[in-house]
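Following: one structure in structure tokens, then a few remarks.
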Amino acid sequence: MAEEFTLSVWRGDASGGHEVEYRVPKETGMVVLDALHYIQHNLAPDLAVRWNCKAAHCGSCGAEVNGVPKLLCKTRMDDYAGQTVSVRPMKTFPVIKDLVTDVSWNYQVAQEIPPLAPTVPAPFNMQQIDADRVQEFHRCIECFLCQDTCHVLRDHHGRDKYFGPRFMVKIAEFEMHPMDGADRVPLLAHEAGVNMCNVTKCCTEVCPQHIRITDNAIIPLKERVADRYYDPVRMLLRRLSGRKKAADAPSSTSVAT
């Protein structure tokens, strides 16, 4: 008998669903997306799965394989030899159908982030070290696996409190650009909620582009917020400045003449 892989694929929609088991003939070099395509072509033509490039560049085929956020086109079936492979939709986002989820919330968040605001016209004259620092963030393919694994978004439904790791990377891309003049620290401290991150580095672990999200984006942004809002000297200066403004303000009481 030909060797087979066993997949347990979640089937359903927003109203609910369950896992269905399928057996797929083993092929050399097979990835999870290949196995799902076999299921579509031979066993369940109505199976819904999102994909595009099949080269780990578009970020479309994000799902959870044995409970871990993965790109289906980059996850080899051989890594799960002898196991039943569970394939489920990303937990953080609402299910549309089967393995396809609604990630549109991410694009709404992206619109809230001020874009790059250059202090000088392009082309920029930059040091190589500065260019290298922001270049890492440009590798993001917006697969949203980091958003899916984030505890704040995944387990605590904190989309109203935290933008998530992907958008900490996006803000860092602008904030650490040496020619940028915008001030995004108030956004980080409040709407973006950078302090909600508890630095578990789970987002870094699942990033298919190997971006050091926690070390190179989130922690430096946390430091900027701490410097602005929690440094005792700055706190004292803000308090004194507030008192001075109050003392200089004109009285609201009018005197008839």
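List of remarks:
- Search result, residues across the range 65-84 that are part of a helix (DSSP H, G or I) and surrounded by 15 or more Cβ atoms within 10 Å (Cβ to Cβ): MET77, TYR80
- On the stretch given as the range 32-43, residues that are outside any loop (DSSP other than H, G, I, E, B), without any contact (Cβ under 8 Å) to a residue 60 or more places away in the chain and either not assigned by TED's automatic domain parsing to the domain that holds MET77 or not polar (S, T, N, Q) (or both) total 8.
- GLN147 loosely packed, with under 14 Cβ neighbours inside 10 Å and not in a loop (DSSP other than H, G, I, E, B): no
- The range 123-138, residues that are touching a residue at least 40 places away in the same chain (Cβ under 8 Å), of a type outside the set (S, T, N, Q) and farther than 17 Å from ASN106 by Cβ: PHE124, MET126, ASP130, ARG133, VAL134, GLU136
- Residue in the range 168-197 that is nearest to the chain's Cα centre (by Cα), counting only those that are in a helix (DSSP H, G or I) and among the charged types (D, E, K, R): LYS170
- Looking only at the range 198-230, and only at residues there that are touching a helix residue (DSSP H, G or I) at 6+ places or on another chain (Cβ under 9 Å), among the acidic types (Asp, Glu) and more than 18 Å from GLN135 (Cβ to Cβ), the one that is modelled with the highest pLDDT: GLU205
- Residue check, ASP46 acidic (Asp, Glu) and either surrounded by fewer than 16 Cβ atoms within 10 Å (Cβ to Cβ) or assigned by TED's automatic domain parsing to the domain that holds GLU142 (or both): yes
- Criterion applied to GLY29, GLY82 was being without any contact (Cβ under 8 Å) to a residue 12 or more places away in the chain, of a type outside the set (Phe, Trp, Tyr) and on the phi > 0 side of the Ramachandran plot, and the one residue passing it is GLY82.
- Some residue of the range 5-16 being over 16 Å from ASP148 (Cβ atoms), in contact (Cβ under 8 Å) with a residue 60 or more places away in the chain, surrounded by fewer than 21 Cβ atoms within 10 Å (Cβ to Cβ) and among the hydroxyl-bearing types (Ser, Thr, Tyr): yes
- Selected residue [modelled with pLDDT under 95, outside the structural domain of HIS156 (by TED's automatic domain parsing) and under 20 Å from the mean Cα position of the chain (by Cα)] from ALA81, ALA56, ALA63: ALA56
The values are calculated or read from the model by the stated rules, or taken from the named source; none is laboratory data. Being a predicted model, the structure only gives us computed values, none of them experimental. Neighbour counts are summed over all protein chains in view; Cβ atoms, including those assigned to glycine, are modelled from backbone coordinates with ideal geometry.
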